[in-house]
Amino acid sequence: MSAEDGQGEAAPEYLQSFTIVGGDFAAAGSVSIAAKNLLKAVGFPAPVLRRVAIVAFEAEMNVVMYGGGGELAVYLSPTTVRLVISDQGPGIGDLELAMQEGWSTATPQMREMGFGAGMGLPNIKKNSDRLTIDTAPGKGTRLQVEIDLP
Ligand SMILES: Nc1ncnc2c1ncn2[C@@H]1O[C@H](COP(=O)(O)OP(=O)(O)O)[C@@H](O)[C@H]1O
Ligand SMILES: [Mg+2]
């Protein structure tokens, strides 16, 4: 037993999950806005909302552009917001490359729409207190992001 046992550290509480539609650029961004509004309604401070919005938007866009659709789930604990963004798309071939600033496989059409700067994953990392990425060719990609409350 650790000293923390019995101290009431609640297991992460599942809040809500949102479906992300692959390739739907008209709806893109709506899930991250909904997640941010949910946390705003719960009363989270602005700096946390800002980080959640950045992480959720970049992850949502990657699922729209590369993942073929998926979902974003929000969990809360007394100390942390956890976002889990998952898809069952092609996976990320070279994660080390993908984490580098400026590296992107965006198509010319995506670039015309203003995407493909290759800053999404680096910005997710920058705005996370903890980031775990599970990805495998043909099996999809799952990001777990934790953002601590102040
Ligand atoms: N969910 C995903 N599924 C498959 N590949 C992905 C996914 N997310 C990111 N990638 C790959 O990682 C690269 C870098 O992503 P990111 O840093 O967000 O930049 P960008 O979205 O501008 O391409 C993408 O170009 C893509 O090749
Ligand atoms: Mg991106």
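Values in this text are rule-based calculations from the coordinates and carry no lab data. Keep in mind that this is a model prediction, so the values were computed, not measured. Glycine also receives a Cβ, built like all others from the backbone with ideal geometry; neighbour counts cover every protein chain displayed.
On the stretch given as the stretch 15-47, residues that are closer than 19 Å to ASP87 by Cβ, touching a strand residue (DSSP E or B) at 6+ places or on another chain (Cβ under 7 Å) and touching a residue at least 60 places away in the same chain (Cβ under 8 Å) total 2. MET110 meets each of the listed conditions (1) more than 10 Å from ligand 1 (Cβ to nearest atom); (2) without any contact (Cβ under 8 Å) to a residue 60 or more places away in the chain; (3) surrounded by 14 or more Cβ atoms within 10 Å (Cβ to Cβ) apart from (1). Picking from residues in the stretch 31-69 that are on the phi < 0 side of the Ramachandran plot and outside any helix (DSSP H, G or I), the one that is surrounded by the fewest Cβ atoms within 10 Å (Cβ to Cβ) is PRO45.
Yes/no matrix, rows are residues, columns are (1) closer than 30 Å to PHE44 by Cα; (2) surrounded by fewer than 18 Cβ atoms within 10 Å (Cβ to Cβ); (3) among the hydroxyl-bearing types (Ser, Thr, Tyr):
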{"position": "GLY89", "(1), (2), (3)": "no, no, no"}
{"position": "GLU96", "(1), (2), (3)": "no, yes, no"}
{"position": "GLN100", "(1), (2), (3)": "no, yes, no"}
{"position": "TRP103", "(1), (2), (3)": "no, yes, no"}
{"position": "MET119", "(1), (2), (3)": "yes, yes, no"}
{"position": "ASP129", "(1), (2), (3)": "yes, yes, no"}
{"position": "ILE133", "(1), (2), (3)": "yes, yes, no"}
{"position": "ILE147", "(1), (2), (3)": "yes, no, no"}
